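Q: Got a structure for you, written out below as structure tokens; questions coming shortly.
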Amino acid sequence: MGCTVQVWLDARMDGDGKLRFAADSDSEITKGFCSCLVWVLDGAAPEEVLSLKTDDLAALNIGLHGRGNSRVNTWHNVLVSMQKRTKAFVAERGGKPPGEPFPSLVITAGGIHAKGSYAEAQARFLSPDELKVQELVNVLREKKIGVVAHFYMDPEVQGVLTAAQKQWPHIHISDSLVMADSAIKMAKAGCQFITVLGVDFMSENVRAILDQAGFAKVGVYRMSNERIGCSLADAANAPAYMDYLGGASMSSPSLHVVYINTSLETKAYAHELVPTITCTSSNVVQTILQAFAQVHNLNVWYGPDSYMGANIVELFRQMTVMTDEEIAEIHPKHNRNSIRSLLPRLHYYQDGTCIVHHLFGHEVVEKINEIYCDAFLTAHLEVPGEMFSLAMEAKRRGMGVVGSTQNILDFITQRVQEALDRNVSDHLQFLLGTESGMVTSIVAEVRKLLGSVKSSSGRAEVNVEIVFPVSSDSVTRTSRSSPLGLNLGQAGEFMNVPVIPGVASGEGCSIHGGCASCPYMKMNSLSSLLKVCHHLPDDKHSLSAYEAGRFSLRTPHGKLIADVGCEPILYMRHFQATKNLPEKLVDHILHPNENGRSISFS
């Protein structure tokens, strides 16, 4: 229920079509709250239960408007559960078949169980082939190769990498924020080559940052001889984005906050138009708030992700009704007045989207409301507005998280640890509102937590269900039959999976919403990684098309793209280390016509 107390709810519909409720709790105060709800709703008609909102109960004077009160969260969550049960009773009474659930993975201390074909496809590689693991470890160790990979890798690749980490430390799976930093650490530790499992802007960033750090001789390799694109990066390369920044350059003082999911070329051209700092979904909110706090009367121009831009604006609008104390917990230099004042000066690009997060649309949101309204909801900052609003509402009552891939992973592990600490049998259900490649890291962390208490006698059983909010069109069938209850509890107990994630056209998802499997990320296959590693060092130049590109071109002001494009990334690294914008960047914001800038951060 989103709180450390336990609540038990019983619901039924009587012969007259009225709802009958009973509730209990291991907390006396929570039991009292639930008694109030039961008093209001027991014997009510379905439409009365479904129309009730927590605000309607404010007259009971239990402090419903205090967002930080966990007991209030419990009150709200019990009401949500009552309404979910009511919807099910109404559907059953009307002869409507129950909604088809999303596919999911159920993780227990004893193993993993896949529900649905899409989940089977995801689960197939969670227990990797030991021979492949050993082959990879041997070649990485022999040739001193480091691996940096994004969370959104194919499950087969992530499964093997996660297992290989135990024998070779120079493997790092993360969001894009720390990929380049991890590569520097590997180079300092003696790695002669870095393989990048991600899209091309990620390998470009790694190459450029290694060069800046003095590791120009360390080779950087991609996983394909073809372009590994990104719809967001493409949007920022369009002339319309430069027009957007051209308009921004007319307003001073201005700062361009650019999502790191863009090319080095975009960063360089942008930085010459408007002072620029990169961000990720992990730090974008703090970056923007700090910029407004540090530079008086600043205009911030965010891009290129339109969904994330709209969601940031909505997040700040919601902050205007928080207390000053609650806002200070997010950023100590802000309050309601400062948040209100910055909103007119916060701008975002209107025409850039990630093709993965674009697909968490209306159909998916409707099913979540119908079947999963009482589950934990996780959502990436890039998801469309409907999904974002749903996740923000869940977040307010302690049942959700909105943020980066790392934020999502941290939220899930925290909730699992809380359940284990309670030592009461529980089934935790999490909707994964981001790319499905995240599941490998989630499963690894959850199994580690569940395994840590497995051997303890008298321990309660805690199960964790990871739900993939995908549409029925989000998989391609490879055979006519499918064992829908494939049990993956034992290593090697795999079958030929009859579906693969993604529609037959190869675009990765259905336009009707929810597949969340990036087709570009899936170009980073295990076979490609092994091929690249086995051919290193590339004495015969057979891997020239796999090398991460160095930019010899120059900007309109005659500077090297690699030098100028690195500056916004280095600014972000400085911000990460100090929580302040660099003085060099602030000076550039205040005096935009004075070029001749050159920076270096360790």
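A short reminder: the numbers here are calculations on the coordinates, not readings from a lab. These figures come from a predicted structure and were not determined experimentally. For neighbour counting, all protein chains shown are included, and Cβ atoms are generated from backbone atoms with ideal geometry for every residue, glycine included.
Q: Please check which bits of the stretch 406-420 a label hung off VAL453 would reach, taking the label as a point 7 Å along Cα-to-C-beta and the cut-off as backbone N under 19 Å.
A: So the set is 410-420.
Q: Net charge within 12 Å of ASP181 by Cβ-Cβ distance, Lys/Arg positive one each and Asp/Glu negative one each, not counting ASP181 itself?
A: Net charge in that neighbourhood comes out at +2.
Q: Per residue and in cubic angstrom, what volume does the convex hull of the Cα atoms of the stretch 80-133 have?
A: Cα-based convex hull of the stretch 80-133, divided per residue, equals 113 Å³.
Q: Relative to the present Cα-Cα distance, how much length would full extension add between GLN429 and SER525 at 0.36 nm per residue of separation?
A: 31.6 nm
Q: So for each of 579-587, 13-21, 110-118 I average, over its residues, the number of other beta carbons within 10 Å; can you give me the resulting order with the highest mean first?
A: 110-118, 579-587, 13-21
Q: Put a dot 7 Å past each Cα toward the Cβ at GLU461 and LYS144; how far apart are the dots in nm?
A: 5.2
Q: Net charge near ASN225: determine it from the other residues with C-beta under 11 Å of the C-beta of ASN225, scoring Lys and Arg +1 and Asp and Glu -1.
A: +1
Q: On a full-extension model of 0.36 nm per residue, what is the gain between LEU553 and ASN225, subtracting their alpha-carbon distance, rounded to one decimal in nm?
A: Separation in residues times 0.36 nm, less the Cα-Cα distance, equals 116.0 nm.
Q: By a straight-distance test (C-alpha under 19 Å), which lysines pair with LYS579 as possible cross-link partners, with residues fewer than eight away in the same chain excluded?
A: LYS333
Q: What FRET efficiency comes out for GLN167 versus ARG20 if R0 is 41 angstrom and r is the Cβ-Cβ distance? Round to the nearest 0.05.
A: After rounding, the FRET efficiency stands at 0.10.
Q: According to a simple spin-label model (label point 7 Å from Cα along Cα-to-Cβ), what is the distance in nm between VAL313 and HIS534?
A: Inter-label distance under the simple model: 5.2 nm.
Q: Okay, moving on. Roughly how many nanometres apart are two label points built 7 Å out from the Cα toward the Cβ at TRP39 and GLN134?
A: 6.8
Q: At a Förster distance of 22 Å, what's the computed FRET efficiency of ASP587 paired with SER251, Cβ-Cβ distance as r, to 0.05?
A: Efficiency for this residue pair is about 0.80.
Q: Okay, moving on. Cβ neighbours within 10 Å, averaged per peptide: list 318-328, 281-291 in order, most packed at the top.
A: Highest to lowest by the protection proxy: 281-291, 318-328.
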